[in-house]
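**Q** Have a look at this one before I ask anything.
The values are calculated or read from the model by the stated rules, or taken from the named source; none is laboratory data. Quick caveat, the model's predicted, so the values are computed rather than measured. Neighbour counts run over all protein chains shown; Cβ positions are idealised from the backbone, glycine included. Keep in mind that these areas ignore ligands, DNA and RNA; they rest on the heavy atoms of the full protein, side chains included. Shrake-Rupley method; radii C 1.70, N 1.55, O 1.52, S 1.80 Å.
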Amino acid sequence: MATLDESPAAKKWLPLEANPDVMNQFLWGLGLSENEVECYDVYGLDEELLAMVPNPVLAVLFLYPLTPQSEEERILQESTKRETSNKVYFMRQTVGNACGTIGLLHAIGNITSEIKLVEDSFLDRFFKATANMDPLERAAYLENDREMEDSHSVAATAGDTEASGNVDTHFICFSCVDGELYELDGRKSGAISHGPSSPGTLLQDAAKVMQGFIQKNPGSNNFNVIAISKKLD
């Protein structure tokens, strides 16, 4: 979960565990209503297991290992020009091990029109304050926000495993914006489009991209998928 320009002096948080219960409590505490959205484990990427995930899926978080192959792919993507919808909410990562929190912010930031945030909650204030910022300005705003740092710290120590600052995995988010599937990774300079998608096929479309990640790293089993689904009345 390295940052884009990590130096020995860079701020570093404890990593979030890939645990839906931890993420639910974290998001609910920051201003997401328990009646709106919930995180769920995705137990596999074949059709039968994807069908078990509650719908509608609003975003997908993917934890994968940082390997020479994944880093090579990242550098290749950085050298490719791309067009991105201005409706995509994207921010860079300048805090070490903050990728879980940034993945969640990417997820919520791209569905604010579909959900209700508690008025004047952290998330409500954060997205209003950063709406017109560029990705690096949003990163700086997060880095200097003590309330989020404290909340992240509580969530990072609430998991089933002991938190360690030395990790070699990384969270990214997949969201559907304006009919496109976007990969949102704070270590990259911008959102990556993976082609057409829709709210109804977001999970299946993201699964195809995630399978590509897995196939390129056959020696690792250190992958995890969490879906963020809207609760229905």
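**Q** Using the heavy atoms of the protein chains and a 1.4 angstrom probe, tell me the accessible area per residue for the chain in square angstrom.
**A** I get 48 Å² per residue for the chain.
**Q** Specify the residue with the greatest mean-square fluctuation among 210, 91, 52, computed from a Gaussian network of the chain linking alpha-carbon atoms under 10 Å apart.
**A** 52
**Q** Given the chain, what percent of its DSSP beta bridges are antiparallel, to the nearest 5?
**A** Counting only bridges with both partners in the chain, antiparallel ones make up about 95 percent.
**Q** I'd like the accessible area for residue 53: 1.4 Å probe, protein heavy atoms, all chains in place, Å² to the nearest 10.
**A** Around 10 Å² of this residue is reachable by solvent.
**Q** Sort segment 44-150 into rounded, prolate or oblate with this rule: let a ≥ b ≥ c be the square roots of the eigenvalues of the Cα gyration tensor; rounded if a/c is under 1.5, and if a/c is not under 1.5, prolate when a/b is larger than b/c, oblate otherwise. Each step should come with its number before you reach the end.
**A** Details: a/c = 1.63, a/b = 1.13, b/c = 1.44.
The shape class here is oblate.
**Q** Taking only the alpha carbons of the chain, what extent do you get along each of the three principal axes, in Å, biggest first?
**A** 48, 40, 39
**Q** Run the numbers for residue 178 and residue 120: contour at 0.36 nm per residue of separation, minus the present Cα-Cα distance, in nm. Display every interim value, and only then the final one.
**A** Details: separation 58, 0.36 × 58 = 20.88 nm, distance 2.74 nm.
This chain segment gains 18.1 nm when fully extended.
**Q** If you plug each phi of segment 141-154 into the Karplus form 6.51 cos²θ - 1.76 cosθ + 1.60 with θ = phi - 60°, what whole-Hz ³J(HN,Hα) values come out, in order, with x for Gly and Pro?
**A** Values per residue, Gly and Pro as x: 4, 5, 4, 9, 8, 5, 4, 5, 4, 5, 5, 4, 4, 4 Hz.
**Q** Quick one: order 22, 167 from most to least accessible surface, probe 1.4 Å.
**A** Of 22, 167, the descending order of accessible area is 167, 22.
**Q** Now a separate question. Can you give the charge dipole size of the chain about its Cα centre, rounded to the nearest 20 debye, using +1 on the beta carbon of Lys and Arg and -1 on the beta carbon of Asp and Glu?
**A** 520
**Q** Using the alpha carbon gyration tensor of segment 11-102, what are the three equivalent-ellipsoid semi-axes (square root of 5 times each eigenvalue), largest first, in whole Å?
**A** For segment 11-102, the semi-axes come out at 25, 19, 16 Å.
**Q** How much length, in nm to one decimal, is gained on full extension between residue 86 and residue 34, taken as 0.36 nm per residue of separation minus their Cα-Cα distance? Before the final figure, lay out each step's value.
**A** Details: separation 52, 0.36 × 52 = 18.72 nm, distance 2.91 nm.
Value of the extension gain: 15.8 nm.
**Q** Turning to a different aspect of this structure: At a probe radius of 1.4 Å, what is the per-residue accessible area of residue 38, in Å² to the nearest 10?
**A** Spelled out: residue 38, probe radius 1.4 Å, area about 40 Å².
**Q** Using a basic spin-label model with each label point 7 Å from the Cα along Cα→Cβ, how many nm lie between residue 222 and residue 201?
**A** It works out to 3.4 nm between the two label points.
**Q** So for segment 110-233, taking the charge dipole from beta-carbon charges (+1 Lys/Arg, -1 Asp/Glu), which of 203, 177, 131 sits furthest toward the positive end?
**A** The residue sitting most towards the positive pole is 203.
**Q** A further question follows. About the Cα centre of segment 81-149, what is the dipole size in debye to 20, counting +1 per Lys and Arg Cβ and -1 per Asp and Glu Cβ, all else neutral?
**A** Roughly 320 debye, rounded to the nearest 20.
**Q** A further question on this structure: Loop-only check: which chymotrypsin sites (Phe, Trp or Tyr not before Pro) in segment 11-105 are DSSP coil with at most 11 other Cβ within 10 angstrom?
**A** none
**Q** For residue 84, what accessible area in Å² do you get when you roll a 1.4 Å probe over the heavy atoms of the protein chains, rounding to the nearest 10?
**A** 60
**Q** Could you work out [θ]222 nm for the chain from helices alone, using -39500 (n - 2.57) per DSSP H run of at least four and dividing by all its residues? Round to the nearest 500 deg cm²/dmol.
**A** -10000 deg cm²/dmol
**Q** A further question on this structure: Run down the lysines and flag those whose C-alpha is under 22 Å from the C-alpha of residue 231, throwing out any fewer than 8 positions away in its chain.
**A** 116
**Q** Hey, how many Å between the Cα centroid of segment 57-130 and the Cα centroid of segment 189-218?
**A** 14
**Q** Further question on the same structure: In nanometres, what is the gap between the two model label sites at residue 129 and residue 21, each 7 Å from Cα along Cα-to-Cβ?
**A** 3.2
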